[in-house]
Each structure stands twice: as C-alpha cells, then as structure tokens.
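Read through the structure below, which is laid out as structure tokens, and then see the notes.
What follows draws every value from the coordinates through simple rules; no lab data is involved. Every value quoted in this text rests on a predicted model; they were computed, and no experiment measured them. No Cβ is skipped: glycine too gets one built from the backbone with ideal geometry, and neighbour counts run over all protein chains shown.
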Amino acid sequence: MDRVADMLTTINNAQVVSKKQISVPYSEFNFKIVELLKREGYLLNIEKKGRVPNKKILIDLKYREDGIPMISKVRKVSKQGQRIYKTSSDIKPVKSGYGFSIVSTSKGLMTNKEARRNKVGGEIICEIW
C-alpha cells in the first residue's frame, strides 16, 4: 500500500464533502508533506497524536469564506511502480502558477518554485491546486 497516495486521497475526498478535520496514519514522510501544505496555506493545523502502533496525524482542513475548499484537487504524479524524476530546469508550473507540486529533493521536500530557485531536481510526488 502506498501511504502517501492514501493520505492524499483522504485529504482530497474530505475537502469534497467539506469535513473540518481528518486523521491519517502517521509516517515521517506524510508528516513532512502536510507540514509543507500548512506552510503554503492549504491547511489550518496539523498535530501528531498517539503512540507508535496507532500514531495518527490530525489535519484541520482549510476553507475560504464562501465555503470553497482551499485544495480543489490533488494528483499523485510518482507512483510506486513508476517514479517521475525531473531536473530543476524541467520542473514546470502547475495550472499556470495557481497550483504547486511537491518535489522530494536531496535537500528535503520543497515546492516546485523552491526547487527551481535552489536549482535542485528530484522526484515529483504530487500536484496540488
């Protein structure tokens, strides 16, 4: 099972039905992804809960004043069977700059804009808009 894909699907589905809070299984990589989403302003709050066997990440989802979700779509790019790697010059804007992609680089997780600015490439995890 792909934990990242499960988490992204859970977030996407929860935003569609206007849930306020969700919980997903904890992994260090998942936590780094939701930290990046919070830093970019797409989530209200994130929190680790529980001990090792049942550890969870509680995610407070963010909506605009008119009730429209901040995340309208999440698309997984790299999959378990097919990883997608790009150099810094090959990383393109998502939805003409209205979205962003999460890139796993040698310097950690960062957005496509940060990766281009730092001139590092890596694996494209997902696109969010």
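In the condition set (1) crowded, with 17+ Cβ neighbours inside 10 Å; (2) without any contact (Cβ under 8 Å) to a residue 24 or more places away in the chain, LYS48 is compliant with all but (1).
All of (1) in contact (Cβ under 8 Å) with a residue 12 or more places away in the chain; (2) more than 21 Å from LEU43 (Cα to Cα) hold for GLN82 with one exception: (1). State whether one or more residues within the stretch 4-12 are of a type in the set (Val, Ile, Thr), touching a Phe, Trp or Tyr at 6+ places or on another chain (Cβ under 8 Å), buried (at least 17 other Cβ atoms within 10 Å of the Cβ) and more than 16 Å from ILE128 (Cα to Cα). No - not one qualifying residue is present in the stretch 4-12. Taken as a whole, the structure leaves LEU44 outside the set of residues that are over 15 Å from ARG3 (Cβ atoms), under 11 Å from the mean Cα position of the chain (by Cα) and of a type in the set (A, V, I, L, M). Evaluate the stretch 109-122: report whether one residue or more is of a type in the set (A, V, I, L, M, F, W, C) and either farther than 21 Å from TYR42 by Cα or free of Cβ contacts under 8 Å to residues at least 24 places away in the same chain (or both). Yes.
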